[in-house]
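Below is one structure, written out as structure tokens, with a few remarks after it.
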Amino acid sequence: MVSRRRQTSKRGIFAPGTLLERVRSTSVAALRSKALEPIHTHSDYLEDRGVQFLVRVVSTLRSKPPHDDNRNPFLPYETALYVADASDTHACILNKYNVVDLHLLIVTRKFEHQESLMTVGDFRALWRCLGEYDSLGFYNSGTTSGASQVHKHLQVVPLPLLANGAPHATPIDPLLGDSESSPGIIRESRDVPFAHSVVFWDAAQTDNCELMAETSWACYVQMLRRHALGPPVGPDERMAGSYNLLVTRRWMLLVPRVRECFQSISFNSLAFAGALLVQDPAQMDQLRAAGPFAALEWVAARR
């Protein structure tokens, strides 16, 4: 049995400049102990409307245990997956069943529901991690967002997403617009064919974690209101609908959701960054026949 530590104990908030090495060393040890169980894939690419989508195709069937609605994998989490504390209220652990290498989860120490409103504290923990290395943070909220656990958790994966020499951090970057104009202004991109809101950051401010936490939270709440998603009135209330939130050191993107799946393919936040996951060649054929943007338009709200 994998040992677990009590959630009341702490090993401390990571020192600036140390998180990436801690993620790497923890990953090596967790692979060795078999606490980390990667889902092996091979990569393919689909071009649609000038965007090169990364499609990971599961190559090895594995015996992932069935989902148990009564089990919370984050209370307690496995000792071998623990990386560091992001704050007094959030811990960083490895994604046990990772598709992307060095996939980090930022989980609340006490239970909060995944459909509750994100807080300034959530953004503070996220920005502490984003400030360590170029990465994409994301949050799946609601039953049709691709969320797999109800305990609140944010996720972080390294950038760039493409490993084939693509010039952009994510495949979707070219569609979002010009980061030089009007930083801090929430807007829509005419090139994105589904409902969304995007904001670019002032590059001079992104090293200030506290400022970015407050700024991100304020923009996030405005985005929710723009799409009639909330925020909830009381702290224990759930969100009015599902959405995906993606955050980098350049921009933040919110996409309201109306469906979890296109045909049999489930999409989470990474799909809206241009990285898709299919379970087998049959799903790949479905995606290729429809085109990635048609699939995204199906699961996202209409403009």
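The values are calculated or read from the model by the stated rules, or taken from the named source; none is laboratory data. Remember, it's a predicted structure, so these values are computed and weren't measured experimentally. Cβ atoms come from the backbone with ideal geometry, glycine included; neighbour counts cover every protein chain shown. When the accessible area is computed, the model is the full protein with side chains, heavy atoms only, and any ligands, DNA or RNA have been set aside. Shrake-Rupley method; radii C 1.70, N 1.55, O 1.52, S 1.80 Å.
If residue 64 passes every condition in (1) within 30 Å of residue 287 (Cα to Cα); (2) in a loop (DSSP other than H, G, I, E, B); (3) modelled with pLDDT of 95 or more but one, which one does it miss?
Status for residue 64: all satisfied but (3).
Please go through the range 137-168 and pick out each residue that is surrounded by 20 or more Cβ atoms within 10 Å (Cβ to Cβ) and closer than 20 Å to residue 47 by Cβ. Steps first, answer last, please.
Going through the range 137-168, the residues surrounded by 20 or more Cβ atoms within 10 Å (Cβ to Cβ) turn out to be 137-142, 144-147, 152-157, 161.
Correct list: 161 only.
Name every residue in the range 259-282 that is over 18 Å from the mean Cα position of the chain (by Cα) and either touching a residue at least 60 places away in the same chain (Cβ under 8 Å) or buried (at least 21 other Cβ atoms within 10 Å of the Cβ) (or both), in order of residue number.
Of everything in the range 259-282, those that are over 18 Å from the mean Cα position of the chain (by Cα) and either touching a residue at least 60 places away in the same chain (Cβ under 8 Å) or buried (at least 21 other Cβ atoms within 10 Å of the Cβ) (or both) turn out to be 262, 279, 280, 281.
Can you spot a residue in the range 214-221 that is crowded, with 19+ Cβ neighbours inside 10 Å and out of contact with any strand residue (DSSP E or B) (no Cβ under 8 Å at 6 or more places or on another chain)?
yes
Keeping to the range 225-258, report how many residues are aliphatic (A, V, I, L, M) and under 17 Å from the mean Cα position of the chain (by Cα).
Restricting attention to the range 225-258, the residues satisfying the condition of being aliphatic (A, V, I, L, M) are 228-229, 233, 239-240, 245-247, 252-255, 258.
Next cut, under 17 Å from the mean Cα position of the chain (by Cα) only: 245-247, 252-255.
Selection size over the range 225-258: 7.
Every residue in the range 146-198 that is of a type in the set (S, T, N, Q) and either in contact with an Asp or Glu (Cβ under 6 Å, 6 or more places away or on another chain) or under 19 Å from residue 293 (Cβ atoms) (or both), please. Break it down into steps so the answer makes sense when it comes.
Applying the first criterion (of a type in the set (S, T, N, Q)) to the range 146-198 yields 148-149, 155, 164, 170, 179, 181-182, 189, 197.
If the condition is that a residue be of a type in the set (S, T, N, Q) and either in contact with an Asp or Glu (Cβ under 6 Å, 6 or more places away or on another chain) or under 19 Å from residue 293 (Cβ atoms) (or both), then 170, 189, 197 are the ones that fit.
Restricting attention to the range 202-231, report how many residues are in contact with a Pro (Cβ under 6 Å, 6 or more places away or on another chain) and closer than 12 Å to residue 183 by Cα.
From the range 202-231, those in contact with a Pro (Cβ under 6 Å, 6 or more places away or on another chain) are 202, 221, 224, 227; that's our starting set.
So of that shortlist, the ones also closer than 12 Å to residue 183 by Cα come out as 202.
Result for the range 202-231: 1.
Please count how many residues of the range 12-48 are loosely packed, with under 11 Cβ neighbours inside 10 Å, part of a strand (DSSP E or B) and touching a residue at least 60 places away in the same chain (Cβ under 8 Å).
The qualifying residues number 0.
Could you please give the count of residues in the range 143-185 that are more than 28 Å from residue 237 (Cα to Cα), of a type in the set (A, V, I, L, M) and outside any loop (DSSP other than H, G, I, E, B)?
Total satisfying the criteria: 3.
Considering the range 25-61 alone, what residues qualify as being in contact with an Asp or Glu (Cβ under 7 Å, 6 or more places away or on another chain) and at pLDDT below 95?
none
Within the range 119-136, work out how many residues are open to solvent by less than 10 Å² (accessible area, probe 1.4 Å) and either at pLDDT below 95 or part of a helix (DSSP H, G or I) (or both).
7
In the range 260-296, how many are of a type in the set (Ser, Thr, Tyr) and not in a helix (DSSP H, G or I)? Step through it out loud before you land on a result.
Taking the range 260-296 first, the residues of a type in the set (Ser, Thr, Tyr) are 264, 266, 269.
Narrowing the set further to residues that are not in a helix (DSSP H, G or I) leaves 264, 266.
Residues in the range 260-296 being of a type in the set (Ser, Thr, Tyr) and not in a helix (DSSP H, G or I): 2 in total.
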